[in-house]
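**Q** Sharing a structure with you now.
The values are calculated or read from the model by the stated rules, or taken from the named source; none is laboratory data. Because the structure is a prediction, the values reported are computed rather than measured. Here Cβ is always computed from backbone atoms with ideal geometry, including for glycine, and neighbour counts include all displayed protein chains. Quick note on the areas: whole protein, heavy atoms, side chains included, nothing else; ligands and nucleic acids left out. Shrake-Rupley method; radii C 1.70, N 1.55, O 1.52, S 1.80 Å.
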Amino acid sequence: MNTQAIQILFLKDLFLSRWPLFGYLVGGLFSAMVTCLPGETAGFIGFVLMITVTIAAGIHLIGVLLLAESVDMTRTFVMSLPVSLLDYSIAKISVVLVAFMIPWLGMLASLTVLNFVVPEAKTGIVAFLVMIFLFMLAGFCLQLVTAVVTESVGWTIVVVVMGNVLLNLFIKSLHDHPVIAELNRSETLSWPPIVLQIMTIEVIVMSVALGLAFLLQIRRRDLV
Amino acid sequence: MTGEFLCVYTVYMNKHRWITLSQSDPRALYLQVIEQIRRRVAVGDLPPGTELPSIRQLAADLSVSVITIKRAYLELERDGTITTRQGKGSVVAEKPGLSTAITQRELESHLNAAAQLGSLLGLSKTEMQRRMAEACENLQRKQK
Amino acid sequence: MSIAIAPPHTKTAAAALRGVARTFKHFRLDNIDLEIEQGTVNGLIGPNGAGKSTIMRIMMGLLTPDTGTVSVLGQPISSREAGAKRDIGFFSDDMRLYKSETVAFHLQFVRSLFPGWDEAYAQQLLSRFGLIAGQKVRGLSHGQRVKCLLLLILARRPKLLILDEPTNGLDPVARQEVLSELMQIVSDETRTILYSSHNTQDVEQISDTITFIDRGRVIARNNRDEFLERWRRIRVQAPANWQAPAIAGLRPESTFGNLRVLTLDRYQAGVEDRLQLSGATLESSETMSLEEIFVAAVMRGREENEL
């Protein structure tokens, strides 16, 4: 394992995706601020915007960083350089994840801060937000592993669409859940067991997806 | 001696090809190399003692395979045009006698051919001599 | 008292494939034995789909063979190891750079991975190849892209160059620029080139050793001059019932009335006489160009395979 090579590949990919990253980060922060505008409609619109930004960021980054390498055949170029499959896999999976987490974290962090800062906001809703964001992150990891396995835009989009449908169902069922609904109206932030359970499942799904993606990458027989 | 050595290498640096190989020439490339080196030696562009580029360097400069140049140098060594010193590369041989003989033969055949062409054109001996003198003057002017 | 004599110094192999085989869905590479001697220029000629690219990718560790061993620059090759790639420059016709980035970006990227990068030479090549550092790859023509890729390879001063059809699709000027720059490597006897082409003229000009590949197998392999010297096309006039004498390597190529054309792959003095003795009248016995030799060798290989 060559840490220098991994670093160089990682930074190269971040650099390549700099414009989309910047765009989604700005879009995400903007959406977060919209949610805090007065009125229920604003909150709703802001929320929808954030989800859109997150989904778009996910597809775009997977497209640019993962799928493009096989379609554009830049991978042959990269693998002709002194990097092993292990170096490449570590750098690639981590950079795709980190790149996605930049706008993702930007949004979650700003929403959390705004919730504490804006007087009308119910702080308890932060737990709700965290669960939703973790759900989206887990969904992203599933898209990632799909892209790694299938190298197909088509299949990745299928997973994106399914994830979106499930996300909406998830939000609805959370909303209807008595404990969570109660939490959303409270002024204090707390983490009841149901919330922690859900978060644990989400983290497990993420780890399994990432682990699978990584294992499948390094066990490729052919580099190109 | 060093002056000539530098001269040959300056030519290389400028990539003025004093050997030009023709793809359309049906003769094998190594034969072209041999002939052109012999000619340069014969007219005095490569005086005796001039260091020739290494086989690899010449191959690289002319974009031909190493075995082509190896073969050419081998032939040139065999007929005495060049001498190869162990581990120190090749130089133009000290005895230009042999190459002069080759060039003399060439001159003979060129002169005979010119005489034939002159008679075909109906030129007189004086006219031919005048043309020859003109050609020599042109060459001198160019060499200045 | 006998004195032990040391065996002659074996030439260093820059690369060696032994018994390499790989099966794909619609193609099979079969039992490839190939050795590339250090300091030589090696041409690999084969029709499209013959397996040239596959062999080269296996040499680079980009594809894993089913059987056989691969060793390059003295090290075994596998996808796990990156070390050998530090001294190898690989070019493939279908390699692409990042369209949205500039030539300079790629220079900087590759430079960061090669401690042996020669920046002065890279700058020289930039101007020699007529490339602009600030230009985006998207705007490069095919020839410029090829030259850019080669620049990225040459500036690392690799010990071994594996080039898969480098002159494909290049205009004559670009081709000369590329060949002439590649041949500079020849002046260093520790550096080796392996390149594939279906343009026999390039190969004929610069190769020391040539290997013919067809349908996943090595058809013939020899020193370039040996090929050119050993092959002949012989035209004879012979009556209808004439049978060619059993001379090793002599095969009929075509018939037209009384005219018989044969090819011979191991010429020896006296062949023409034997043909005359067998009742045929010799019309001509000529050498063949590398292209003609290649086609004849491939045809023979295919015929033999069908038997």
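**Q** Test each condition in (1) within 14 Å of chain C (Cβ to nearest Cβ); (2) assigned to a helix (DSSP H, G or I) for A:Met1 and report the one that comes out false.
**A** (2)
**Q** Residue check, A:Gln143 against (1) surrounded by fewer than 19 Cβ atoms within 10 Å (Cβ to Cβ); (2) under 25 Å from A:Ile102 (Cβ atoms), all met but one. Which one?
**A** The one condition A:Gln143 does not meet is (1).
**Q** Within the stretch C:94-108, count every residue that is aliphatic (A, V, I, L, M) and more than 7 Å from every other protein chain (Cβ to nearest Cβ).
**A** Qualifying residue count, the stretch C:94-108: 3.
**Q** Oh, and also: When you check A:Val130 against the structure, is it at pLDDT 90 or above and either outside any helix (DSSP H, G or I) or away from chain C (no Cβ under 14 Å) (or both), yes or no?
**A** For A:Val130, the condition - at pLDDT 90 or above and either outside any helix (DSSP H, G or I) or away from chain C (no Cβ under 14 Å) (or both) - is met.
**Q** Let me ask something else. At least 1 residues that are within 14 Å of chain B (Cβ to nearest Cβ) in each: list the strands (runs of 3 or more DSSP E) lying fully within the stretch C:164-240 that qualify.
**A** Filter on the stretch C:164-240 gives C:192-197, C:209-214, C:217-223.
**Q** Do any helices (runs of 4 or more DSSP H) entirely within the stretch A:7-107 hold 2 or more residues that are β-branched (Val, Ile, Thr) and within 14 Å of chain C (Cβ to nearest Cβ), and if so, which?
**A** It comes to A:74-79.
**Q** Where residues in the stretch A:146-157 are of a type in the set (Val, Ile, Thr) and in contact with a Gly (Cβ under 9 Å, 6 or more places away or on another chain), which of them is least open to solvent (accessible area, probe 1.4 Å)?
**A** A:Thr156
To keep it simple, each residue is scored yes or no on (1) more than 28 Å from C:Asp30 (Cβ to Cβ); (2) open to solvent by 80 Å² or more (accessible area, probe 1.4 Å); (3) touching a residue at least 60 places away in the same chain (Cβ under 8 Å); (4) among the hydroxyl-bearing types (Ser, Thr, Tyr).
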| position | (1), (2), (3), (4) |
| --- | --- |
| C:Leu194 | no, no, yes, no |
| C:Asp214 | no, no, yes, no |
| C:Arg224 | no, no, yes, no |
| C:Pro239 | yes, no, no, no |
| C:Ala244 | yes, no, no, no |
| C:Leu250 | no, no, no, no |
| C:Val271 | yes, no, no, no |
| C:Glu283 | yes, yes, no, no |
| C:Val295 | no, no, no, no |
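**Q** Taking the stated definitions as given, is B:Gly89 within 30 Å of C:Leu182 (Cα to Cα), surrounded by fewer than 17 Cβ atoms within 10 Å (Cβ to Cβ) and at pLDDT below 85?
**A** Yes; evaluated as a whole, the condition is true for this residue.
**Q** Sticking with this structure for a sec: Looking at the stretch C:78-93, which of the residues that are under 13 Å from A:Asn2 (Cα atoms) and of a type in the set (Gly, Ala, Ser) is farthest from the other protein chains (Cβ to nearest Cβ)?
**A** C:Gly83
**Q** Would you check which residues across the stretch C:31-62 are open to solvent by 10 Å² or more (accessible area, probe 1.4 Å) and within 14 Å of chain A (Cβ to nearest Cβ) and list them?
**A** Answer for the stretch C:31-62, where residues must be open to solvent by 10 Å² or more (accessible area, probe 1.4 Å) and within 14 Å of chain A (Cβ to nearest Cβ): C:Ser53, C:Thr54, C:Arg57.
**Q** Kindly list the number of the only condition in (1) at the interface with another protein chain (Cβ under 9 Å from one of its Cβ atoms); (2) open to solvent by less than 30 Å² (accessible area, probe 1.4 Å); (3) assigned to a helix (DSSP H, G or I) that fails for C:Ser112.
**A** (2)
Residue by residue, here is whether (1) farther than 25 Å from B:Gln104 by Cα; (2) surrounded by 22 or more Cβ atoms within 10 Å (Cβ to Cβ) holds:
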site: B:Gly44; (1), (2): no, no
site: B:Glu51; (1), (2): no, no
site: B:Ile55; (1), (2): yes, yes
site: B:Leu58; (1), (2): yes, yes
site: B:Thr68; (1), (2): yes, yes
site: B:Ala72; (1), (2): no, yes
site: B:Glu77; (1), (2): no, no
site: B:Gly80; (1), (2): no, no
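**Q** In addition: Of all residues in the stretch C:18-73, which are in contact with an Asp or Glu (Cβ under 7 Å, 6 or more places away or on another chain), among the β-branched types (Val, Ile, Thr), closer than 18 Å to A:Val224 by Cα and in a strand (DSSP E or B)?
**A** The answer is C:Thr23, and nothing else.
**Q** Within the set of pairs 6+ apart or on separate chains, which have a first residue in the stretch C:131-153 that is β-branched (Val, Ile, Thr), a second that is open to solvent by 40 Å² or more (accessible area, probe 1.4 Å), and C-beta atoms under 6 Å apart?
**A** That search, which allows pairs on different chains as well, returns C:Val137/C:Lys99.
**Q** Residues to consider are A:Arg185, A:Arg219; find the one that is closer than 30 Å to C:Ile77 by Cβ and over 16 Å from the mean Cα position of the chain (by Cα).
**A** A:Arg219 is the lone residue from the list that is closer than 30 Å to C:Ile77 by Cβ and over 16 Å from the mean Cα position of the chain (by Cα).
**Q** Kindly provide the set of residues from the stretch C:63-77 that are facing another protein chain (nearest Cβ under 7 Å) and either out of contact with any strand residue (DSSP E or B) (no Cβ under 8 Å at 6 or more places or on another chain) or surrounded by fewer than 17 Cβ atoms within 10 Å (Cβ to Cβ) (or both), ordered by number.
**A** Listed by number, the list holds a single entry, C:Thr64.
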